[in-house]
Amino acid sequence: MAASARSAFDDLATQTAIIGKPQRVLFILSMRGGKILASGIDTAADGILKLAGAENAIQEFSGYKALSEEAIITSAPDAILMMARGGDHSADADKLFAHPAISQTPAAASRSLIKMDGLYLLGFGPRTPAAATDLYKALYEAGAAAN
Amino acid sequence: MYLSSLVNRATHWPVSMTPAGDGDRRPLALRTIWFLAFGLLTAVIAGLSIGPSGTGFGTVLSYFTSMFTGAEIAARERIIIESIRLPRVIMGVLVGASLAVSGAIMQGLFRNPLADPGIVGVSAGAGLGAITVIVLGTGVLAPVILPLGIFAVPLAAFFGALFTTMLLYRLATRGGQTSISTLLLRRIAHAAIAGAARGILIYLADDAQLRDLTFWGLGSLAGATWQKCLAVAPIIVLAMATAPFLARGLNALALGEAAAHHAGIPVQIFKRISIIAVAGATGAAVAASGGIGFVGVVVPHLLRLFMGPDNRTLLPASALLGAALLLICDAISRTIVAPAELPIGVVTALIGAPFFLWILMSRRGLAGMG
């Protein structure tokens, strides 16, 4: 199992090594009432983005914090990453891209929203190589929204 | 000498209803209102011009001139000003004004300069109403909540605030006297009950709701949209519109309920209207922005020290200063740790709490001198 994980990581590393311009990705934890909680550095989300060969759009703070609306525009993400969850937390793409600040990002222009299961994406367990590869494919092969 | 007489008069409670002679500070009060109106205008312009994205005063200026000249400005700048900063500034004005006016009305109603929606627990009641809707709104209460749409949270906060204010007033007032120590003791009991109810809701909430609740408790104007402004504006504007009619009654009430009755004020009806106005304004403000403390106690108190306790001028001045103060605090909250946001409740508490301590200290000083 360790060997297969290692080889999966190696495969992914060779693929991500040839990326010319990494995609800037904004990970949004929640957006209740229009207030956006996003991931900075030193988080599981930041880690998986690095593995998948993407660049976290927010480098200025660590942890998950409330992001100011204007900072979303200036951070100019190419894609939005969210956790797929039941109930009212999973804002659908239309609602997300209708948000005034998000509507001004390159992600909205290409309607790039990636939703993945929270535990799969951020669990950092045995499935992490597969999750990172899925994220890589969603970002660089499928092009636009994988969901 | 002059200063000490100023402080003495301001903290003398109750006060004369008819300012006359050398006690007449009405001209000063009117000048102050003009000055505050100008200050609010400055704060609005600052609120529109300050932000982490670098869109500054020049762009704001060209945005407004473009309305007349028809000149084009970049879509990005337009969105930042029109959809992000402008609703936020309007929300700040609404919330700041309603917190400060609620504080001023409550101080008159309780005849105590330290009453404030936050301190006596009205905000906690409003918060409990709002949290209930956030946590249970998609579950047990969904059939009641969903048809209300965006009005659900403001309405729940309003009823929470109304219930707490009525309970509080009934419990704290005996024979026309409101005792501050009783009030504070009751407040502790209320806080325990509200805390327990919150605890149950926190237990029921999932992880994302928990995070929402934490940040919500600290207050923020982030996420203000035109739609949300429209949801809270009717309640706040209605509550604010009653304030000018309440001013005379509050002045009379400062002499005591019996005196107010003899002055021709229908005391019971008057108190009920005041309570509903406070609950409406506080409830809507709390629903829109979470727990923003200290504006309600600091603003009216500062103005009372400066321009005297006449509610006819104190209420409008409180609205202006409360709005301006909140806009400045919001500008700080969204730039100081950019690109993240510092919850505005933290900023107002950092400014408000030392001021509150200063009030307490200076009152003790006065008592020692007297």
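The value obtained for the stretch B:195-316, namely the Cα convex hull volume divided by the number of residues, is 145 Å³ per residue.
For chain A, the longest principal axis of the C-alpha atoms and the axis of helix A:2-17 are separated by about 60°. What's the local net charge at residue B:192, with K and R +1, D and E -1, over the other residues with C-beta under 13 Å away? Local net charge: +3.
Pairwise inverse Cα distances across the stretch B:186-239, averaged and inverted, put the Kirkwood hydrodynamic radius at 13.7 Å. The C-alpha atoms of chain A define a longest principal axis, and helix A:128-140 lies at about 60 degrees to it. Kirkwood-type hydrodynamic radius, chain A: 15.3 Å, calculated from all non-identical alpha-carbon pairs. Phi angles of the stretch B:272-278 translate, via the Karplus equation with coefficients 6.51, -1.76, 1.60 and θ = phi - 60°, into HN-Hα couplings of 5, 4, 4, 5, 5, 5, 5 Hz per residue; Gly and Pro are given as x. The phi-based Karplus calculation (6.51 cos²θ - 1.76 cosθ + 1.60; θ = phi - 60°) puts the 3J(HN,Hα) values of the stretch B:248-253 at 4, x, 5, 4, 5, 5 Hz, whole numbers, x for Gly and Pro.
Averaging over all projection directions, the Cα-based convex hull of the protein assembly as shown occupies 28.5 nm² in the image plane. Applying a threshold of 24 Å to the alpha-carbon distances of B:228/B:271; A:50/A:115; A:35/B:228; A:50/A:137; A:35/A:115 flags B:228/B:271 as lying beyond it. With the cut-off at 1.5 for a/c, could you classify the stretch B:23-88 from its C-alpha gyration tensor as rounded, prolate or oblate? Prolate, because a/c is 1.5 or more and a/b exceeds b/c. The H on the amide N of residue A:65, modeled in the peptide plane, is under 5 Å from the matching H of A:38, A:40, each at least 5 residues off or on a different chain.
Comparing A:81, A:12, A:135 in a Gaussian network model of chain A where C-alpha atoms under 10 Å apart are linked, the largest mean-square fluctuation is found at A:12. Backbone phi angles across the stretch A:102-110, fed through the Karplus curve with coefficients 6.51, -1.76 and 1.60 (θ = phi - 60°), yield HN-Hα couplings of 5, 4, 9, 9, x, 4, 6, 4, 9 Hz in residue order; Gly and Pro are listed as x. Its Cα gyration tensor gives the stretch A:21-72 an equivalent ellipsoid, and the semi-axes of that ellipsoid, as √(5λ) in whole Å with the largest first, are 19, 11, 9. Residues A:64, A:136, sorted by accessible area with the largest first, give A:64, A:136 [1.4 Å probe; ligands and nucleic acids excluded]. When you restrict to C-alpha pairs under 8 Å that are six or more residues apart and normalise by the size of chain A, the relative contact order lands at 24 percent. At the listed q of 0.09, 0.18, 0.23 Å⁻¹, the Debye profile of the stretch B:243-370, built from one uniform point per Cα, gives log10 I(q)/I(0) equal to -0.35, -1.11, -1.33. The mean number of partner chain beta-carbon atoms within 10 angstrom of a residue's beta-carbon across peptide B:334-343 is 6. If r is the Cβ-Cβ distance from residue A:1 to residue A:137 and R0 is 25 Å, what FRET efficiency results, to the nearest 0.05? Between residue A:1 and residue A:137 the formula returns 0.70.
Excluding ligands, DNA and RNA, what is the solvent-accessible area per residue of the protein assembly as shown at a probe of 1.4 Å, expressed in Å²?
For the protein assembly as shown, the per-residue accessible area is 44 Å².
Residue B:31 exposes around 150 Å² of accessible area when a 1.4 Å probe is run over every protein chain in place.
The values are calculated or read from the model by the stated rules, or taken from the named source; none is laboratory data. Bear in mind that the values here come from a model prediction, so they are computed numbers and not experimental data. Cβ atoms come from the backbone with ideal geometry, glycine included; neighbour counts cover every protein chain shown. Please note that ligands, DNA and RNA were not included when accessible areas were found on the heavy atoms of the full protein model with its side chains. Shrake-Rupley method; radii C 1.70, N 1.55, O 1.52, S 1.80 Å.
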